[in-house]
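S.K.: First the structure, then my questions, so here it is.
The values are calculated or read from the model by the stated rules, or taken from the named source; none is laboratory data. What you are looking at is a predicted structure, and each value in this text was computed from that prediction instead of being measured. Because the Cβ atoms are built from the backbone with ideal geometry, glycine has one as well, and the counts that use them run over all protein chains shown.
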Amino acid sequence: MEPGEPGNGGHEPLRGVRVLDLTSRMGAYCGRLLACLGADVLNVELPGGDRLRFAPTTMGSSAGEEGLLFGYYHHNQRGITLDWRRDDATPLLRQLSAASDVVLASPRGEPDLIAGFEFDPPTLTWASPDALVCFITPFGLTGPYRNWRATPFTSFAMSGHMFPFGPEEGPPVAMPGQQFCDEAGAWAAFLIVATLQGPPSLRRQVIDQSIHEVGLFYELGQPPFSASGQIRTRVTNFGVPPSGIWRCRDGLVDIAAHSDHHWGIFIELLGRPDVLTDPIYRDRGMRIQLHDLLTDVVGELLAVRAAAEFVDAGQAAGLPCALMQTPAQYVQGEQPRVRGFFVESDPGAPGSFEMPGAPFVSSPPLTSFRRSAPTLGESNREVYLDELGHSAAELEQWRSEGLV
């Protein structure tokens, strides 16, 4: 079946596309997006299981094989086990690749180097020549950092993003989670989808996706320096009043009033209080000089207002502003619920949990939720025996040798 051809009455553009995924957490979101778009993603775990299976979920507890993070990233996928670090895994990797349109890999340094990986040029010796190979690594596969390992924390720091965040007198503040890995995965998925929609000749290439470079070109990183030589300094409240993050009586609001006319809109929303009507405040330069004074005044005026009411009025009047929500407020909010953003991992099944669905809405739907994440080695017999033609005795021998 060609990419884009519907199957079973669906509209997923990647139905019929087979993806072999050896990336673990670095490419987990890429595999997730491809699977939601209809691809048959075969997730290959080391025999001990993907680390996301055992990631802490609440208060430091481990969820074991049913880890929520693994369930989120790997729903819609099948799963097998194979120690892809061992040379004797190469024949099986070659067979798996021959049946795949895309191979995702995250070569790590010793002792977790993928068998058959070569740096110059970056390649997997066992990969089918007709498969699109996509590498997702912390720093890319060229340059002095190509062998370095990294976590989302170090990627956030080395891309320059950590430098501006946090109080001036204290340490920098890091973004939690693995957002940079997910952003790199999203870019990789975009490149893969675009390539698969092109002529077959485009697929015979290698994509080298660097998580570090994705982070570097975020809005708060490289662009301001490239454009103006500006290096962001530590701040806890962005902009010149009324810009910034302000506490109302029932929550936080974020105001981005960067144009001159926004000041007039802002004081009208507050009922033109006498303390702010002095013409001197219309000048942004003066507001910069009077930053501390205005921060105190504006803070007192907003502290008695309802956050949602202020934002509704501000949006209607043309003031760039929004609610600043906690994760719990977002999850419980009406907007994502109305859009159907949250879905059940396995509707009606014991242990099913609610999780974010697709990052977009389309009509007709381009994504589907077909199955929950696989248990460890769930598809071993289906893949090794039924698809690759090996025997049950061979599979049992590989298990005893720790290969699968």
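S.K.: Considering every residue within the range 103-110, establish whether at least one is assigned to a loop (DSSP other than H, G, I, E, B), in contact (Cβ under 8 Å) with a residue 12 or more places away in the chain, touching a strand residue (DSSP E or B) at 6+ places or on another chain (Cβ under 7 Å) and under 25 Å from Gln397 (Cα atoms).
M.R.: No.
S.K.: Moving on. Looking only at residues that are within 19 Å of Arg247 (Cα to Cα) and crowded, with 16+ Cβ neighbours inside 10 Å in the range 271-296, which one is nearest to the chain's Cα centre (by Cα)?
M.R.: Thr295
S.K.: List the residue pairs whose Cβ atoms are under 7 Å apart, where the first residue sits in the range 175-191 and is at positive phi, the second is modelled with pLDDT under 90 and crowded, with 16+ Cβ neighbours inside 10 Å, and the two are 6 or more positions apart or on different chains.
M.R.: Close Cβ pairs (under 7 Å, with a partner that is modelled with pLDDT under 90 and crowded, with 16+ Cβ neighbours inside 10 Å) amount to Gly177/Pro152.
S.K.: Those residues that are part of a loop (DSSP other than H, G, I, E, B) and touching a strand residue (DSSP E or B) at 6+ places or on another chain (Cβ under 9 Å), I need them from the range 248-274; list them, please. Before the answer, list the steps.
M.R.: Here is the first cut: in the range 248-274, the ones part of a loop (DSSP other than H, G, I, E, B) are 249-250, 256-259, 270-273.
Hits for the range 248-274 are Ala256, Ala257.
S.K.: Which condition from (1) touching a helix residue (DSSP H, G or I) at 6+ places or on another chain (Cβ under 9 Å); (2) not assigned by TED's automatic domain parsing to the domain that holds Asp40 is the one that Gln332 breaks?
M.R.: With respect to (1) touching a helix residue (DSSP H, G or I) at 6+ places or on another chain (Cβ under 9 Å); (2) not assigned by TED's automatic domain parsing to the domain that holds Asp40, Gln332 is out only on (1).
S.K.: Could you list, in sequence order, all residues of the range 255-270 that are surrounded by 12 or more Cβ atoms within 10 Å (Cβ to Cβ) and acidic (Asp, Glu)?
M.R.: Result: Glu268, single match.
S.K.: List pairs: first in the range 203-224 and farther than 17 Å from Trp148 by Cα, second modelled with pLDDT of 85 or more and of a type in the set (Phe, Trp, Tyr), Cβ under 8 Å, 6+ apart or cross-chain?
M.R.: Short answer, once both residue conditions are applied: Val206/Phe135; Ile207/Phe135.
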